[in-house]
Amino acid sequence: MILNLLGITLLCVVTWLYYRWTRVRQYWAKRGVPHLPPNPIMGSLTFLQRQNPGVWMVNIYKQFRSPYVGAWMFWRPALIINSPELARNILVKDSSFFRDRFLSSGSSDPIGSLNLFTVNDPLWSSIRRRLTSVFTASKLRALQSLVDLKSSQLVQRIKNAQDTSKLNIRMVYMDYTTDIIGTAAFGVETNATLTGVDPMRTVTQAFTSFDLYRGLCWSSIFFFPELVDKFRFTFFPKWSTDYFTKVFKIASKHRKNERPRGDLLDALLKLMDEGAKSNEGITEEVVIAQAAIFLFGGFESTSTMMTMSSYELAFHPDEQEKLYEELIAFQYESENGHLEISKLADCRYLNAVIKETLRKYSPMGWLDRIADRDYKIDENLTISAGTPVYVNNIGMQYDDELFYEAEKFIPERFLPENAGNIKPFTFLPFGEGPRSCIGKRFGQISMRHALANLILNYKLEALPGAKKPNEIKIEKRGLLLVPGEELYIKFIPRN
Ligand code: HEM
């Protein structure tokens, strides 16, 4: 009797699963949307841990050349957007349909789930509104002494090296970005740039180490958020959030007795005061979550851009020379040779080099959103509420028709006189619309300052036999598009 009952239950489950799977499998075909056949368990995610999602996005773009492509996040249908016009609609024009990201961290992980990147509306709006003002160009000038100090320490660190060709450049640049963002957001003096070690650097080091468990946490947060709470997955390693909490509490206590510095910590303390007066849910945990995402959102993306621009310039001596000449002229004209944040922002070739690096190596190659209502994509397709959409920015940035010889490093395409050739919404390294990168200017200032100081002090040279930029491995286990191997160049002192 019991066996019969078990048998019938099993049959019902298998029939139901088969019926559900058939519907899932036919989802995009029925709607006439091009797609690759889904895997019965992973959907379209069979590339996870085997290929970087950014590389996968470029391949999907090239394979289909269609304005959109159907995909499955496990069994959930999702849409990849390959067209600048649709990207504009989703990110900007109809952004009220797409306020939130699909990814989400669980309720057992407040620092991971309440930060600007992961949090949903309406808490997102009230935090973003309050923090936007601190990232304006005028407020960020307060970073001047910090970037001056840290970029001169970066130059010194290289000078101290017995053999510069043994410096793992990504690690050294991560030391620099950890110091810059750690100091600005947590108000503590860190010393990683000069020495390579610091407790804050141990935290950022942990963010970039991907073992199987962290890979699972991230894959679930990004692509299967329903599982996050069940397995208590976390966005940051638990010990690091304990560390953030401790450091933030100490730093905020100190800062309350000091003069305001106009940095990120001041803005976060103001957020905390305002939060206590409002009933919008801005608790101390929420504020610490913002400090954590500033560090996490900024240190790896910015250091990856510094790594890839140095590496490309080492292989492009003519472009490097143009940059050097621009910077020497700039330094000659500025008072005491000082690299002022606001003036450096006008260096045309420096900006072009940084933009070209961002185009080729956007750390986030896809911008995710979730439709909160049914949404008409075009005359032929309406997606249902709850459908994740992924704007494939890296795919567009590697399209030869949009960026001639897209595989090549050509900063000239971003010079102001050529800017007209770049079609709107095809170059989106910082995203677009209300949920675009809040730290864009901060990241640009940190990159410009470091790169300018490096180029003024050193000639960068490729090592004999080193892999060309397009041959280097890309990290397979993480979700950001970053190098998957150590990179080395030679720094030759200029004088
Ligand atoms: C080269 C440097 C950087 C790159 C390429 C970059 C890129 C991005 C991208 C693509 C997004 C998603 C945008 C979207 O979905 O439309 C984003 C979001 C974000 N970034 Fe950055 N980022 C950089 C530096 C920074 C820095 C320095 C910080 C903080 C100091 C930061 C903090 C954030 C935050 C908090 C978000 C979430 C914004 C929201 O949802 O409201 N980023 N970034």
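Ignoring ligands and nucleic acids, what accessible area does His316 show with a 1.4 Å probe (Å², nearest 10)?
50
Could you calculate the FRET efficiency of Lys277 with Asn168 from 1/(1 + (r/R0)^6), where r is the beta carbon distance between them and R0 is 41 Å, rounded to 0.05?
With R0 = 41 Å, the Cβ-Cβ based efficiency is 0.30.
Measure nothing fancy, just the Cα-based angle from helix 53-64's long axis to the longest principal axis of the chain, in degrees from 0 to 90, nearest 10.
Approximately 60 degrees, to the nearest 10.
Helix 238-256: angle to the longest alpha-carbon principal axis of the chain, degrees 0 to 90, nearest 10?
Helix 238-256 sits roughly 50 degrees off the main axis of the chain.
Positive end of the charge dipole of segment 344-424 (Lys, Arg +1 and Asp, Glu -1 on Cβ, about the Cα centre): tell me which of Asn351, Ala419, Trp366 has its Cα farthest that way.
Asn351
With the radius of gyration and the Kirkwood radius both derived from the Cα set of segment 405-474, what is their ratio Rg to Rh? Before the final figure, lay out the partial values.
Details: Rg = 15.7 Å, Rh = 15.5 Å.
On the Cα set of segment 405-474, Rg over Rh gives 1.01.
I need the Debye-formula profile for segment 139-222: one equal scatterer per C-alpha, no solvent, reported as log10 I(q)/I(0) at q = 0.18, 0.20, 0.24 1/Å, two decimals.
These q points yield log10 I(q)/I(0) values of -0.81, -0.91, -1.10.
Compute the acute angle (0 to 90°) between the alpha-carbon long axis of helix 317-333 and the principal axis of greatest extent of the alpha-carbon atoms of the chain; round to the nearest 10°.
Once rounded, one gets 60 degrees.
Report the gain in length on full extension from Asn39 to Asp346: 0.36 nm times residue separation, minus Cα-Cα distance, nm rounded to one decimal.
Separation in residues times 0.36 nm, less the Cα-Cα distance, equals 105.6 nm.
Leaving out ligands, DNA and RNA but keeping every protein chain, what accessible area does Val92 have, in Å² rounded to the nearest 10, with a 1.4 Å probe?
60
Run the accessible area of the chain with a 1.4 Å probe and give the carbon-and-sulfur part as a rounded percent. Intermediate values should be presented prior to the final figure.
Details: 12470 of 22190 Å².
Using a 1.4 Å probe with all protein chains present, the chain comes out at 56 percent carbon and sulfur.
Regarding segment 31-493, what whole-number volume in Å³ per residue does the convex hull of its Cα atoms give?
Taking only Cα atoms, segment 31-493 has a hull volume of 146 Å³ per residue.
Expressed as a rounded percentage, what relative contact order does segment 1-81 have, with Cα pairs under 8 Å and six or more residues apart?
31
Using a 1.4 Å probe and ignoring any ligands, DNA or RNA, find the accessible area of Tyr19 and quote it in Å² to the nearest 10.
130
Using a cut-off of 21 Å between alpha-carbon atoms, which lysines can reach Lys473, once sequence neighbours fewer than 8 places away in the same chain are excluded?
Cα-Cα hits under 21 Å: Lys62, Lys166, Lys360, Lys408, Lys490.
Near Leu154, within a Cβ-to-Cβ distance under 12 Å, what is the net charge of the other residues, with Lys and Arg +1 and Asp and Glu -1?
0
Any aspartates and glutamates with Cα under 14 Å of the Lys355 Cα? List them, leaving off those in the same chain fewer than 8 positions away.
Glu312, Glu319, Asp346, Glu412
Expressed as a rounded percentage, what relative contact order does segment 31-493 have, with Cα pairs under 8 Å and six or more residues apart?
26
Which aspartates and glutamates, if any, have their Cα less than 18 Å from the Cα of Lys150, not counting same-chain residues under 8 positions apart?
Asp175, Asp179, Glu189, Asp198, Asp263, Glu300, Glu340
Write down the percent of antiparallel bridges among all DSSP beta bridges whose residues are both part of segment 31-493, to the nearest 5.
85
Heavy-atom accessible area per residue, the chain, 1.4 Å probe: how many Å²?
Each residue of the chain exposes 45 Å² on average to a 1.4 Å probe.
Taking 0.36 nm per residue of separation and subtracting the Cα-Cα distance, what length does fully extending Asn380 through Glu401 add?
5.0 nm
The values are calculated or read from the model by the stated rules, or taken from the named source; none is laboratory data. Owing to the predicted nature of the structure, the values given are computational and were not obtained by experimental measurement. Glycine gets a Cβ as well: all are built from the backbone with ideal geometry, and neighbour counts include every protein chain shown. Only protein heavy atoms, including side chains, enter the accessible area calculation; ligands, DNA and RNA are left aside. Shrake-Rupley method; radii C 1.70, N 1.55, O 1.52, S 1.80 Å.
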